[in-house]
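Q: Have a look at this one before I ask anything.
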Amino acid sequence: MWKWIVIASFVVVGIVLYAAVSVSPQYPPSPVTGPIKTEVQDFTAFSEQIQLGKQLYETLCFTCHGLNGDAVPITPEALNTQVGDRIYARDFTGKTHMNEKVVFKYTWGGFAGEFASDEELKYIIRHGLYGTPMPGFDDLSERELDALIAYIKTFNDGWKDYQPTPPPDVKVPYDLLSEERINRGRELFLERCIACHQDQENGAEPVPQPTQWYVPGTDSLIMITSRNFLTEPLRFPEPENVYRTIKVGIGGTTMNPALWADFNDDQIWDLVSYVYYLKNKGRNKSNETVASN
Ligand code: HEC
Ligand code: HEC
């Protein structure tokens, strides 16, 4: 009798050991499903990221970008700016764009690129866009930024096949603010840019332009004033970014680089110099006003 019990226990132990080693060593033996469990875990991790992104979005972003990502603001008055126009937030669904596309204004890679790269989205979310209601969220962790971006991408299927164009090479010239560059930049500006920006140096006001987005819920296009470099901050103020903006344009707006496609890279830098010259001139003027008061 005892002999049979001992033999039976060996058989049971043998079966258990066999079952344990026959499971791939990559996956710890699991009493339930073995390898399938891992897929379930990956899926859980994925949806946890989206879940975190949703939570952050619905705390930090939805009032301006809309609960469904369509830029229908919960608090429209938060979108008024000091320079007059209301600036609507980006529509992540494409619903309010006239071609039903998702178009980001700032895509380092190219004007034709409708989507921005993750790297760039992180930059914008961290820094914000100066002179607009879009605040910077510089205390978000890398994990939180990844989660937010993953969640934003759920608003439009186009992200699935999207490959961002690599940004153009940028090397700031050593003589960026030299008088020669500024003078060359002024000439180019007066030739090609004043149609919209006007001769600001001599006091003219930039002209309002239609964008490619509708005022949410209406069929009128959102108007935006082309930048006044003397009185308004640049959204993307670093020289590298001003260069990229002139080179690739601002998506969804009339600021379209096809209009100066014949300018070479050095001429683009001349224009960056002149834009900086105007910006500094504006700052000096306001300093003088403060000093004389
Ligand atoms: C107070 C309002 C407000 C809040 C809150 C806000 N945004 Fe924005 N956001 C804007 C506005 C306005 C713009 C458009 C600026 C422009 O058109 O120049 C914008 C633009 C953007 C852009 C697009 C930039 C481009 O190149 O087109 C991204 C991405 C973005 N916001 C992400 C976020 C995320 C993520 C959050 C939350 C963490 C957030 N925003 C919170 C107002 C807001
Ligand atoms: C057809 C109209 C038009 C022309 C021509 C034009 N722009 Fe613009 N530009 C705009 C508009 C509109 C904006 C503002 C877009 C916005 O804020 O959404 C703008 C914004 C800018 C900005 C601001 C970027 C920032 O970070 O805030 C720069 C720099 C700029 N333009 C430079 C130029 C230069 C240099 C030229 C000439 C080579 C030029 N633009 C020609 C319409 C134009």
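No lab work stands behind these numbers, since they all come straight from the coordinates. Just so it is clear, the structure is predicted and the values come from calculations on it, not from any experiment. Every residue, glycine among them, receives a Cβ derived from its backbone with ideal geometry; neighbour counts consider all protein chains shown.
Q: Which values of log₁₀ I(q)/I(0), to two decimal places, follow from the Debye formula for the range 55-168 at q = 0.12, 0.17, 0.23 Å⁻¹ with a uniform point scatterer at every Cα?
A: -0.41, -0.86, -1.60
Q: Same structure, new question: Once the Cβ-Cβ distance between Glu58 and Asp219 is put in as r, and R0 is 25 Å, what FRET efficiency do you end up with, to the nearest 0.05? Walk me through the numbers on the way to the answer.
A: On the way: r = 29 Å, r/R0 = 1.15.
Result of the calculation: an efficiency of 0.30.
Q: Measuring from the lowest to the highest alpha carbon on each principal axis, how far does the range 180-247 reach, largest first, in angstroms?
A: 49, 26, 20
Q: Here's a follow-up. Residues of the range 117-150 with amide nitrogen under 20 Å from the 7 Å Cα-to-Cβ point of Ser47?
A: 147-150
Q: While we're on this one: Could you give the nm distance between label points at Asp118 and Ser141, where each point is 7 Å from its Cα heading toward the beta carbon?
A: Once both label points are built, they end up 1.7 nm from each other.
Q: Apply 1/(1 + (r/R0)^6) to the Cβ-Cβ distance of Asp266 and Val207, taking R0 = 25 Å, and write down the FRET efficiency to the nearest 0.05. If you can, show how the numbers build up before the last one.
A: Values: r = 28 Å, r/R0 = 1.12.
For R0 = 25 Å, the calculated efficiency reads 0.35.
Q: Measuring from label point to label point, each 7 Å out along Cα→Cβ, what is the Asn280 to Glu240 span in nm?
A: 2.1
Q: Then there is this: Express in nm, to one decimal, how much length is gained between Arg126 and Leu67 on full extension, taking 0.36 nm for each residue of separation and deducting their alpha carbon distance.
A: Numbers: separation 59, 0.36 × 59 = 21.24 nm, distance 2.06 nm.
In short, 19.2 nm is gained.
Q: Give a quick list of trypsin sites (Lys or Arg not before Pro) in the range 130-192 that DSSP marks as loop, anything other than H, G, I, E or B, with at most 11 other Cβ atoms within 10 Å.
A: Numbers: sites: Arg143, Lys153, Lys160, Lys171, Arg181, Arg184, Arg186, Arg192; in loops: Lys171.
When the trypsin sites (Lys or Arg not before Pro) of the range 130-192 are filtered for loop state and at most 11 Cβ neighbours within 10 Å, Lys171 remain.
Q: Moving on. May I have the convex hull volume per residue, in Å³, for the Cα set of the range 169-293? Let's see the in-between values first.
A: Details: hull volume 16.5 nm³, N = 125.
Given the Cα convex hull of the range 169-293, per-residue volume reads 132 Å³.
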